[in-house]
Amino acid sequence: MKKLILIAFVALMTSCIPTNLTPIAPTSTTIDLNRYLGKWYQIAALPQFFSFNAKCVTAEYSLNPDGSIKVVNKQIGPDGQPAEITGKATVEPNSGNAKLRVGFFGIQPAESNYWIVEIADDYSYAVVSNESKTTWWILSRTPTMDEAKVQEIIDRWAAFGINMSLLQRTVHDCEQ
């Protein structure tokens, strides 16, 4: 019950964060889900209640038998304790696989909340956000990325109205 109250509270509070009201546009590229599946490392992100000040944050995607996507997020919390949560994602129809509805605790959102807005040609990194720009991540297939490339991505998306003043870089100093 405490988790549900916390989730409701955080949802209410994040809706109060001022953002540029111009919706973000998803990538025009069709995402090849088979190439997208696998392990991703969080390189940088706007802080979310579930990963605030966490390190070694990863997400792993695999196909479920029903065609949905299994989502396993792992991290080491600020208290040094490992945490893991498993969820489910479904593709938004007619989105070219770029918009997903990701839910946890058995709750599937009514609208897509995970937009793949940029993907490297070789699927080595991805940028994910949502329509309201309250979430934003750089994900990589490796625990580190070229710093110049990371800064280029940050600068590009800041120009699209992402509030980079809150951005947190993710430390990956754990056994993988």
Look through Lys133, Lys99 and report the one residue that is of a type in the set (D, E, K, R) and at pLDDT 90 or above. Lys99
Somewhere in segment 142-154, is a residue farther than 21 Å from Lys74 by Cβ and assigned to a strand (DSSP E or B)? no
Mind telling me which of the residues Ala110, Ala126, Ala89, Ala98 ends up being among the hydrophobic types (A, V, I, L, M, F, W, C) and over 15 Å from the mean Cα position of the chain (by Cα)? Ala110
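Kindly indicate the residue of segment 106-118 that is of a type outside the set (S, T, N, Q) and touching a Lys or Arg at 6+ places or on another chain (Cβ under 9 Å) and also farthest from Val171 (Cα to Cα) among those meeting that condition.
Of everything passing the filter in segment 106-118, Ala110 is farthest from Val171 (Cα to Cα).
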Please work out if Asp122 is modelled with pLDDT of 95 or more, of a type outside the set (S, T, N, Q) and assigned to a loop (DSSP other than H, G, I, E, B). yes
Test of understanding: among Thr144, Thr90, Thr86, which residue is over 24 Å from Lys55 (Cβ atoms), modelled with pLDDT of 95 or more and of a type outside the set (D, E, K, R)? Thr90
Consider Gly103 against the criteria (1) free of Cβ contacts under 8 Å to residues at least 24 places away in the same chain; (2) closer than 21 Å to Gln168 by Cα: it satisfies all of them except one. Which criterion is unmet? (2)
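Report, by residue number, each residue of segment 16-47 that is of a type in the set (S, T, N, Q) and at pLDDT below 95.
Thr19, Asn20, Thr22, Thr27, Ser28, Thr29, Thr30
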State which residue pairs qualify: first residue at positive phi and in contact (Cβ under 8 Å) with a residue 24 or more places away in the chain and inside segment 81-96, second residue of a type outside the set (A, V, I, L, M) and part of a loop (DSSP other than H, G, I, E, B) in any location, beta carbons under 6 Å apart, and separation of 6 or more residues or different chains. Gly96/Thr30
The condition from (1) in a strand (DSSP E or B); (2) under 15 Å from the mean Cα position of the chain (by Cα); (3) under 19 Å from Ser112 (Cα atoms) that Ser62 misses is numbered (2)
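Scan segment 130-176 for residues that are acidic (Asp, Glu) and loosely packed, with under 14 Cβ neighbours inside 10 Å and jot them down.
Asp146, Glu147, Glu152, Asp155, Asp173, Glu175 - these are the residues of segment 130-176 that are acidic (Asp, Glu) and loosely packed, with under 14 Cβ neighbours inside 10 Å.
The values are calculated or read from the model by the stated rules, or taken from the named source; none is laboratory data. The structure presented is a predicted model; accordingly, all values stated were derived computationally and were not measured. Quick reminder, even Gly has a Cβ in these numbers, built from the backbone with ideal geometry, and neighbours come from all protein chains shown.
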